[in-house]
Amino acid sequence: MLQKTKLLLGLLLLVSGQLHAQFLLEGRVTDPTGKPLAGASVLVHELQRGTVTDAYGVYRFERMRPGRYHLHFYYLGFEAQRVDLQISAHIVQNVQLQPSSLELREIIVENDLTKADESRLTQSTEMVGEEQLRRYAGLTLMQGLERLPGVQSINTGIGISKPVIRGLSFNRVVVAENGIKQEGQQWGIDHGLELDQFNVGRVEVLKGPASLLYGSDAMAGVIQVKPALLPVGDSLSGSVTLLGRSVNDHVGGSAVVQGQLASGWVYRARLTAHQYGDYKLPADSFTYNRFIIPIPDARLENTAGKELHGSAMVGLHRKWGYSQLNWSSFNQEIGFFPGAIGRPLGYRVVNDGNRRNIALPNQHIRHHKMSWNSSVILGKNWLEADLGWQRNVRDERSLPHNHGRPFLDSSTNVAHGLDLQTLSYNVRYHLQLDSSKQLLIGSSGQWQQNVVSGYEFLIPNYSNRQMGAFALLQWQYNRRLFVNAGLRYDVGWLQSAAFRESLLLRGEWIERQRAPEIDRFFGNASGALGMSYQLSKNINLKANAGSSFRLPTIPELTSNGVHHGSFRHEMGDSTLRPERGWQLDLAANYRSSRWEVKLSPYFNYFSNYIYLRPTGIFTFLPEGGTIFQYTQGRVLHTGTELQVEYHLLDNLHLALLGEYVWMKNLDTRLPLPWTSPASLTWEVAYEFEKAPKWLQKPVLGVDWKLVARQNRVDRNEDPTPAYNLLNVQAGGEIKLGKQSLQLRFLVNNLFNVRYLNHLSRFRLLNLPDPGRNVQLMLSVPF
């Protein structure tokens, strides 16, 4: 008995020693000649712990627990590198970084959930860093990402845009911030992303089906929004950024303070404010339904707005992992062009003499979010968890009118009030089976409650509950071939009450049902099989095949009313079935010291694709435009993307970016409405080697975008003419003693071209997109 007790005690001490063992990880970062790279950044991804190399290129991480980690190495002008390692003793990991004139090489492309790097990713994935986001900054975050082939945005004037990936949008694109899926009434065409553009440091764009990892709504792809990396070491830093735009007399700014303590505590706080006026158009009139409507002073009336956003983060990064708590608040009030509410008539678009006031109609959006992210090392495995709460409050306001309805509350101007609360979770366990195989198992789910108000009906109150579980096996078969395969099963439950109303028609009271009761349960399975093959040192081939799904939304099932924000009467269908897609994605990548070429064709078949189709029939409801009916059918969706980057000289960058989307309803034999037109963009950027001492890293760029005519339109949809735009970017750092100022200068639509954007909400009114915009951004770091 004593011998057994001693043996058990010995085993416990051995296990305890392994759990509490701590080792030193150190190394040296050099260039190919062996010269040390002082100031290189090194990040332990699983722990979110970082440091910088000293004057000798040396880095050190003390008290590392045994386990499997991967490190990121960054240095300006060099190709970023990822290193995977197993720590079970003191390790010296030296790294040699290669010079690169290609800017994209300075960023590590890595999936946020699987942690697979670019060589192991089986789908087309792009990573956009902070420098690229600032250089190509658009009027909104999504417009700034349109440089990526396959990514566009649906816009409502200025300040409202939503993402489009490969011609698919709305509830088919998942946008996630801090690991939590953004939920903000994304079914509405005039409902933009409630994200602070200044609070975005990196963006990961996964193009193609991602239902396996992200569940319903990820049929087209995923946009992962990430904050900027925190400064390393015991530090405090921040910046103040000022922004001005000419197209709408925009003035704005943002201030951030961030840092971390030697004890491992990290923090960040940001405050952002914007104010802008009615925006300029390259036109003095537009034509709608054969009427010529004037545009006074070439400004679109009542499109002014104001915004106030705040965010904060506090967390703890230690040897066991990390845990962070995030809070954000988005507040936007913006006017609606009065000509887009009901019929556009001349008297509605008369200039009121004030370019910055926000009159009726308008919308006020408040989006509040709390999220908690944690990652814990468990030996060679690790556990990740994300919890989130969101509340999206949206008031669409206009002058009240009875239209034969009794008991109208004339004390409110809220036509549609939408109050959506969402609770969500994600749990993932990374299990290292052996040196070549890893199993990722997880679960995600959400609960939603939406309460409606206002004097007009569009959708009823509803609740939505979803939950799913998945497993993904990742296998490094050999040095060249990487394979992954996974399965997922989801359930969903949608509930909404019937809505009936009384109307006074021809002197008689009648009662009519506007929306049926919904109580539906769904179950869906999905799967994927992918491979990445390194054909040679320079060529990588990818293929991914799988099935995806999407649950119908309550607006698609029950809507029946005038959606003033989108200038139409939207009508749902309670018999719609879940969407099911069968999809194949291919990619071929070529990389050399000066070239990077990516070709990404894709082929998709949807058996029950749901979309909003124009009927051409005017609504029976006053001021409602035409009826758009939710319908579904068999749809074929295919296309390709091309991205060519070349450095003729180390400081001369050339690029060619192209995209094409083709969609067809196989039942009606007609194209789908609002299909993205083909486009081609040429880019030239030059980084000046010789410049005054007070000016560092000056760069000048020009891009020429050609957009093809869109003739492939649905019945009752107008084709859109072709157009081309010239844009200019410039920037650099201005040295004032020890202080540096970062300056960014952009001109969009340099020649003030009048054009129609096929994906603009105002395309229905034949309203052109905004005119020339000169943008100046000044950032003062400290």
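The modelled label-to-label distance between Arg634 and Asp84, using points 7 Å beyond Cα along the C-beta direction, is 4.2 nm. Oblate is the label for the range 172-230. Its Cα gyration tensor axes, ordered a ≥ b ≥ c, give a/c of at least 1.5 and b/c at or above a/b. Expressed as a whole percent, the accessible area of the chain that falls on carbon and sulfur atoms is 60 (1.4 Å probe). Using just the C-alpha positions of the range 659-721 as equal point scatterers, what log10 of I(q)/I(0) does the Debye formula give at each q in 0.13, 0.15, 0.16, 0.21 1/Å? For the range 659-721, the Cα-only Debye profile gives -0.54, -0.61, -0.64, -0.85. Each residue of the range 320-328 was assigned a 3J(HN,Hα) from its phi angle through the Karplus expression (A = 6.51, B = -1.76, C = 1.60, θ = phi - 60°), giving 7, x, 8, 8, 9, 10, 10, 9, 8 Hz with x at Gly and Pro. Taking the inverse of the mean 1/r over every pair of distinct Cα atoms in the chain gives a Kirkwood hydrodynamic radius of 27.9 Å.
What the phi angles of the range 662-670 give under the Karplus curve with 6.51, -1.76 and 1.60, with θ = phi - 60°, is a coupling list of 10, 9, 8, 7, 6, 7, 8, 6, 10 Hz, glycine and proline written as x.
Take the range 122-259 with all the other protein chains still there, run a 1.4 Å probe, and you get 21 Å² of accessible area per residue. Among the GluC sites (Glu not before Pro) in the range 504-539, those located in a DSSP loop and surrounded by at most 16 other Cβ atoms within 10 Å of their own Cβ are Glu517.
Mean projected area of the convex hull spanned by the Cα atoms of the range 709-782, taken over all viewing directions: 6.8 nm². The share of Cα pairs per 10 Å bin across the range 420-480, counted from zero up to the longest distance, runs 18, 28, 20, 16, 11, 6, 1 percent. Can you classify the range 33-137 as rounded, prolate or oblate using the Cα gyration tensor, where a ≥ b ≥ c are the square roots of its eigenvalues, rounded means a/c under 1.5, and otherwise it's prolate if a/b beats b/c and oblate if not? Oblate is the answer for the range 33-137, as a/c is 1.5 or above yet b/c matches or exceeds a/b. Highest mean packing comes first when the peptides 285-296, 163-174 are listed by Cβ atoms within 10 Å, giving 163-174, 285-296.
Look at the alpha carbon pairs under 8 Å that are at least 6 residues apart: their mean separation over the length of the chain gives a relative contact order of 10 percent. For Gly157, the residues 5 or more places off, or on other chains, whose built amide H falls under 5 Å of its own are Arg761, Phe762. Within the straight-line cut-off of under 15 Å between alpha carbons, the aspartates and glutamates reachable from Lys369 are Glu177, Glu183, Glu194, Asp196, Asp386, Asp419, sequence neighbours fewer than 8 places apart in one chain being disregarded.
Accessible area per residue for the range 474-602 is 46 Å², calculated with a 1.4 Å probe on protein heavy atoms, without ligands, DNA or RNA.
Ranked by the mean number of other Cβ atoms within 10 Å of their residues, highest first, the peptides 644-650, 243-249 come out as 243-249, 644-650.
Highest average first, the peptides 691-700, 65-74, 318-327 ordered by how many other beta carbon atoms sit within 10 Å of their residues are 65-74, 318-327, 691-700.
Working from Cα pairs under 8 Å separated by at least six residues, relative contact order for the range 160-273 is 21 percent.
Relative to the longest principal axis of the Cα atoms of the chain, the long axis of helix 2-20 lies at roughly 60 degrees.
With a simple spin-label model that places each label point 7 Å from the Cα along the Cα-to-Cβ direction, the separation between Phe782 and Leu325 comes to 2.7 nm. For Trp265, the amide hydrogen comes within under 5 Å of the amide hydrogens of His317, counting only partners 5 or more places away or on other chains and with H modelled in the peptide plane. Here r is the Cβ-Cβ distance between Asp297 and Phe23 and R0 is 60 Å; the resulting FRET efficiency, rounded to 0.05, is 0.30.
Which of rounded, prolate, oblate describes the range 198-269, given a ≥ b ≥ c as roots of the alpha-carbon gyration tensor eigenvalues and a/c under 1.5 marking rounded, otherwise prolate only if a/b is larger than b/c? Oblate, since a/c reaches 1.5 and b/c is not below a/b. Shown is the FRET efficiency for Glu508 and Tyr267, computed with R0 = 56 Å from the Cβ-Cβ distance and rounded to the nearest 0.05: 0.30. 3J(HN,Hα) along the range 487-502: 9, 8, 9, 10, 10, x, 9, 10, 9, 8, 8, 5, 10, 10, 9, 9 Hz, from the Karplus curve 6.51 cos²θ - 1.76 cosθ + 1.60 with θ = phi - 60°, whole Hz, x for Gly and Pro. Here is the link list: Lys35/Lys738; Lys319/Lys380; Lys207/Lys542. Which ones come out longer than 20 Å on Cα distance? Among Lys35/Lys738; Lys319/Lys380; Lys207/Lys542, the Cα-Cα distance tops 20 Å for Lys35/Lys738.
Extension gain for the segment Tyr590 to Arg577, taken as residue separation times 0.36 nm less the Cα-Cα distance, is 0.5 nm to one decimal. Using the Cβ-Cβ distance between Tyr605 and Tyr56 with R0 set to 45 Å, the FRET efficiency from 1/(1 + (r/R0)^6) comes to roughly 0.20. Pair-distance distribution P(r) for the range 462-617, from all Cα-Cα distances in 5 Å bins starting at 0: 2, 7, 12, 12, 13, 11, 10, 9, 8, 6, 5, 3, 2, 1, 1, 0, 0 percent.
Of all DSSP-defined beta bridges confined to the chain, some 95% are antiparallel rather than parallel. Between their Cα atoms, which of Lys280/Lys735; Lys226/Lys697; Lys115/Lys162 are more than 30 Å away from each other? Cα-Cα > 30 Å for Lys280/Lys735; rest within.
The values are calculated or read from the model by the stated rules, or taken from the named source; none is laboratory data. Not measured: the values here are computed from a predicted model. Virtual Cβ from ideal backbone geometry, glycine too; neighbours counted across all protein chains shown. What goes into the accessible areas is simple: the full protein's heavy atoms, side chains included, and nothing from ligands, DNA or RNA. Shrake-Rupley method; radii C 1.70, N 1.55, O 1.52, S 1.80 Å.
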